[in-house]
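The values are calculated or read from the model by the stated rules, or taken from the named source; none is laboratory data. Everything numeric in this text was worked out from a predicted model, so none of it was measured. Cβ coordinates were reconstructed from backbone atoms using ideal geometry, including for glycine residues, and neighbour counts include every protein chain displayed.
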Amino acid sequence: MGIKSFQGSRRGQQNVEDHSPIQVKDYMTTNLITFTPEQTIEEVIETLIKHRISGGPVVNENNKLIGIISEGDCIKQISESRYYNMPMHTNLVEKHMVDNVETIDGNMNVFDAANKFLDSKRRRFPIVENGKLVGQISQKDILKAALKLKGQNWK
């Protein structure tokens with residue numbers, strides 16, 4: 001009995017990319033921990049510690065992305081509070097967040113996104129659709145994508 005092929009007939013050239021999820025939206029996190037501009041830095045620190053994250057998007061009441069707050073922003077605030085002898089619980093996110101936020105397109109190839117991470121030195125990029133925050137991609141998400149795709153042609 002001969003060897004049978006289960007490949008089936010081919011209709012023209014098929015591209016591996018058409019069948020493999022390699023876009024940012026396939027690996028982004030959609031269940032995000034977000035912050036509001038009215039929250040205190042103290043609340044942010046508690047949330048970062050509780051959820052073991054290094055930062056997160058800041059959104060308004062319409063889920064529009066207005067900034068990013070990170071551990072570094074919080075540490076800077078702690079240092080300034082001590083230096084100026086000011087209470088930390090009165091400092092709000094809106095005063096300490098980064099409001100010039102670089103986003104990434106959910107349709108971008110994960111390997112192009114990896115290059116964007118390398119070029120920017122950022123740890124995470126929010127994904128916005130129609131003005132609303134829909135997800136976030138992190139360096140760790142890119143690593144997960146690379147592991148899932150190993151063995152496939154990386155184009």
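List of remarks:
- Neighbours by Cβ (under 8 Å, 6+ apart or cross-chain): first from the stretch 132-151, under 19 Å from residue 121 (Cβ atoms); second among the polar types (S, T, N, Q) and in a strand (DSSP E or B): 136/29; 137/29; 138/29; 141/29
- Restricting 142, 127 to residues that are at pLDDT 95 or above and aliphatic (A, V, I, L, M) narrows the list to 127.
- In the stretch 34-43, residue surrounded by the most Cβ atoms within 10 Å (Cβ to Cβ) [restricted to those that are among the β-branched types (Val, Ile, Thr) and modelled with pLDDT under 95]: 41
- Residues that are exposed (fewer than 14 other Cβ atoms within 10 Å of the Cβ) and within 30 Å of residue 149 (Cβ to Cβ) within the stretch 44-76 comprise 51, 52, 54, listed in sequence order.
- Any hit, the stretch 87-98, residues being surrounded by 14 or more Cβ atoms within 10 Å (Cβ to Cβ) and either at pLDDT 95 or above or under 13 Å from residue 136 (Cβ atoms) (or both): no
- Among the criteria (1) at pLDDT 95 or above; (2) under 28 Å from residue 116 (Cβ atoms), the one residue 71 does not fulfil is (1).
- Number of the exception - residue 101 against (1) in contact with a Phe, Trp or Tyr (Cβ under 8 Å, 6 or more places away or on another chain); (2) aliphatic (A, V, I, L, M); (3) surrounded by fewer than 18 Cβ atoms within 10 Å (Cβ to Cβ): (1)
- Residues located in the stretch 109-124, provided they are in contact (Cβ under 8 Å) with a residue 40 or more places away in the chain and touching a helix residue (DSSP H, G or I) at 6+ places or on another chain (Cβ under 7 Å): 110, 113, 123
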